[in-house]
Amino acid sequence: MAMATDVPKDSFRLSMLIYDTRYRSYTIQIVVLILFAMAVAWLLNNTVQNLAVRGKQFDYSFLWQRAGYDIGQQLIPYTNDSTHFRALLVGLLNTLVVAFWGCIFATILGVIVGVLRLSNNWLIGRLMTIYVEIFRNVPLLLWILLSYVILSETTPQPRDFRVTDEMAAAGEEPAASMMLFDTVAVTNRGTNIPAPLFDRGLGTLDLGFMTLNLTFWAILAVIAGSIWVNRRILASARAQQEATGDRPVTWWKSILVLFAPTILLLVALGFHLEIPELRGFNFAGGILVAHSFTALTIALSLYTAAFIAEIVRAGILAISRGQTEAAFALGLRPNRTMSLIILPQALRVIIPPLISQYLNLTKNTSLGIAVSYLDLRGTLGGISLNQTGRELECMLLMMLIYLSISLIISSLMNLYNKSVQLKAR
Amino acid sequence: MKKTVFFGALAATTLLAGLASAGTLDDVKARGELICGSNTGLTGFGAPDASGNWAGFDVDLCRAIAAAVLGDATKVKFVPTTGETRFTALQSGEVDVLIRNSTWTATRDSELSLDFVAVNYYDGQGFMVKKDLGVSSAKELDGATVCIQTGTTTELNLADFFKQNNISYQPVTVGDDSEAQRQYLAGACDAYTTDASGLAASRATMPDAENHIILPEIISKEPLGPVVRHGDSQWGDVVRWTYYALLIAEEKGVTSANVNEVATSTTDEEVKRLLGVSGDFGAKFGIDNAGFKTAIAAVGNYGEIYARNIGEGTTINLARGLNALWTQGGLQYAPPFR
């Protein structure tokens, strides 16, 4: 038959690239790849052309010029004589410190709310639902502005703390007073807390590119050492319990090991607190925690916690009801059931979406500009960009830094995720 | 084959995109509208009034340029810009000219590729404090919290001033004037610093203006003026000379009220050239020969603009001071119109 002789020939024809299913997917992929490459090339070319038209060079040397501006909150020494790069570092640390505290508070609050939302107590369950729905459904920026306005408009001005001679004579009290045994002052600018000071500090170690505060690191090392020793004590107690059935008494050892070395070191270093006091326009001495920081941290924590609560709830619901019933059958109380049986299993479901929430929170810190919080966006992407006019360089560098932070956070969390996954043995 | 065409088109569009900002004057004429970068709202200098019409000292210069180029002072679109966004808006071509209390500095002229074409207001940075703070000099502000607008020269001047006087301060960096005012009035900062004219304008809008004082120290030179993109000299000339036309008009006593009458009766050759009665100066700038006359008729001369928006008797109440004409001891001086 004619049909039978019409066997497809092995020779390759161009039309086969489109009509032959064996090659079609390659054709499509290659065409898309070429288009993509062309789009990227066009973007690059356009950028270069436009930069050339404006007479601008792509140059990062401005990072080493004098910055010339001041930053309110600085975790490392910085003056207006420092470089733009130093300002970048100050901003980066300000970003990280908000992200750090935000993640911690959001996690704690989120887990509590998520668990309570499943509570059998009708009132508590509904209250948590209301909290989650309100915070999830209103833009974060508004929460940041709201917490900032509440903090700065409801608190007294520094001058309200002042006691003038006439007032002292008349026996009047100032309009505002300090809290916690006169150590903490909350003004409409920030919270002044006592600062730790050392009479015999260990000084600093200059490494060239950065200086290390030896006192701080020594204390940190001692605390870490104490915790490690305490874990050894507990481990040996457990070993003895498993071997003999008797658990040795360890609580006094733990307390001694955990606190004694740190206290001894603090005494040796001459630790004391510097209490803030009203001097001139503001409180001087102590540490000023600006309201921009507090407001940003509070708003970020409350907002992200609402999302984390939902993730936790979903994680708990993913664990079969039988697990709870089995735990109850063994006589475990509801609290123990949650902490020993349900949450450890739920973690496997919770952690992957939790990573995105951490990343969101970290990136959302850039909204701090709304309350004058000088984070990375405020220094490198704000003032440095403006004063030097290097938009492209600053933006690219800022994107690179945010990208690196996010990748580091997600890889750390992925490591943790691996450690709590079901082990296939 | 097709690819070649595509690449050709691509290259062409890229080139066009690159060169689109070449002739601003032609762009404005073709569009039939001037896009003017203005303040987000600084009463007296550039702010929309209750009915949404923009008014102010800087705004009137925009209107004068529109009148000179397009023959109609209302054909202006105002784009509010903050201290941070203003230069990017200009560089990217989003606005044709930026008239927004911007200080002329070497960096901005060179590195930012901008051209400051004139100085329409000679200013300096000052401090405003509440009266009951009991401060009479900026040097007494040791330890104070100071509100400062970001992206401005005042940020750098402030740092320099406190360093030179060996006193400390806590900066609160805010986005724009209204946020600065809110923080200042709420007491979140002891002092607010910006250009002295800006302080006067801010104070005018405060409910308790009499309770605030502007400290005597002027800590910097802030020549404020219209800005255009670097490399478009023709457009720069139009903006510059529109402004000078307003100055010359004041010097020669030409006002919005008498400009038509003066144009027919004047015997002053410079005024004749300015108003397009003799010569073709307007045409040489690429605008209507009587363009400058239209501008003066629309918004009045420099003195009129000043008196109407920020002069003594207005809520802003700024004396002419440095901004008086050179004939009256000020710095405002226009090159000869010939």
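Any read-out appearing in this document is the output of simple, stated calculations on the displayed coordinates, not a laboratory observation. This one's a predicted model, so the numbers in the text were calculated from it and none came from an experiment. Quick reminder, even Gly has a Cβ in these numbers, built from the backbone with ideal geometry, and neighbours come from all protein chains shown.
Putting +1 on Lys and Arg Cβ atoms and -1 on Asp and Glu Cβ atoms, find which of A:LEU140, B:ALA200, B:ILE214 reaches farthest to the positive end of the dipole of the protein assembly as shown.
Comparing the listed Cα positions along the dipole, A:LEU140 ranks first.
Specify which residue in the list B:GLY143, A:ILE319, A:GLY114 is farthest towards the positive end of the charge dipole of the protein assembly as shown, using unit charges on the beta carbon of Lys, Arg (+1) and Asp, Glu (-1), about the Cα centre.
Going by the charge dipole, the pick is A:ILE319.
Can you list, largest first and rounded to whole Å, the semi-axes you get for the protein assembly as shown by taking the square root of 5 times each eigenvalue of its Cα gyration tensor?
58, 43, 23
If one computes the Cα centroid of the range A:25-101 and of the range B:27-76, what distance in Å separates the two points?
That distance is 34 Å.
Placing +1 at every Lys and Arg Cβ and -1 at every Asp and Glu Cβ, with all other atoms neutral, what dipole size does the protein assembly as shown have around its Cα centre, in debye to the nearest 20?
3900 debye
Among A:LEU96, A:LEU367, A:LEU258, which one shows the biggest mean-square fluctuation in a GNM of chain A, springs joining Cα atoms closer than 10 Å?
A:LEU258
Going toward the positive end of the dipole of the range A:196-274, with +1 on Lys and Arg Cβ and -1 on Asp and Glu Cβ, which of A:PRO261, A:LEU234, A:GLY201 do you reach last?
A:LEU234
From Cα pairs below 8 angstrom and at least 6 apart in sequence, can you work out the relative contact order of the range A:196-274, rounded to a whole percent?
46 percent
For chain B, calculate the relative contact order in percent as a whole number, restricting contacts to Cα pairs under 8 Å that are 6 or more residues apart.
Relative contact order here is 21 percent.
Report the trypsin sites (Lys or Arg not before Pro) located in the range A:13-48 that are in a DSSP loop and have at most 16 other Cβ atoms inside 10 Å of their Cβ, or state none.
A:ARG13
In chain A, once you exclude exposed chymotrypsin sites (Phe, Trp or Tyr not before Pro) (DSSP loop, at most 14 other Cβ within 10 angstrom), what's the longest stretch remaining?
Longest site-free region, per DSSP loop and neighbour criteria: A:210-425.
Any chance you could check the Cα centroid distance between the range A:308-381 and the range B:164-197 for me, in angstrom?
That distance is 41 Å.
If you place +1 on the Cβ of every Lys and Arg, -1 on the Cβ of every Asp and Glu, and leave all else neutral, what size is the dipole of the range A:163-306 about its Cα centre, to the nearest 20 Debye?
Magnitude of the dipole: close to 940 debye.
Take chain A, connect every pair of alpha-carbon atoms lying under 10 Å apart with a spring to form a Gaussian network, then pick out the residue of A:MET38, A:MET398, A:MET413 with the largest mean-square fluctuation.
A:MET38
Amide H neighbours of B:ALA47 under 5 Å, counting only residues 5+ apart in sequence or on other chains, H built in-plane at 1.01 Å?
Here the answer is B:LEU42, B:ALA55, since their amide H atoms fall under 5 Å of that of B:ALA47.
For chain A, what does the convex hull of the Cα positions come to per residue, in cubic angstrom?
Dividing the Cα hull volume of chain A by its residue count gives 331 Å³.
Can you divide the C-alpha Rg of the range A:196-274 by 2.2 N^0.38 Å and report the result to two decimal places?
Normalised Rg, Cα atoms only: 1.50.
Length gain on complete extension for the stretch A:ALA221 to A:SER411, per 0.36 nm per residue less the alpha carbon to alpha carbon distance?
The A:ALA221-A:SER411 span can extend by a further 65.8 nm.
Just how far, in whole angstrom, is the range A:116-182 from the range A:203-264 if you go by their alpha carbon centroids?
37 Å
Using the crude model of +1 on Lys and Arg Cβ and -1 on Asp and Glu Cβ, and no other charge, please compute the dipole size for chain B relative to its Cα centre, in debye to 20.
For chain B, the charge dipole is close to 780 debye.
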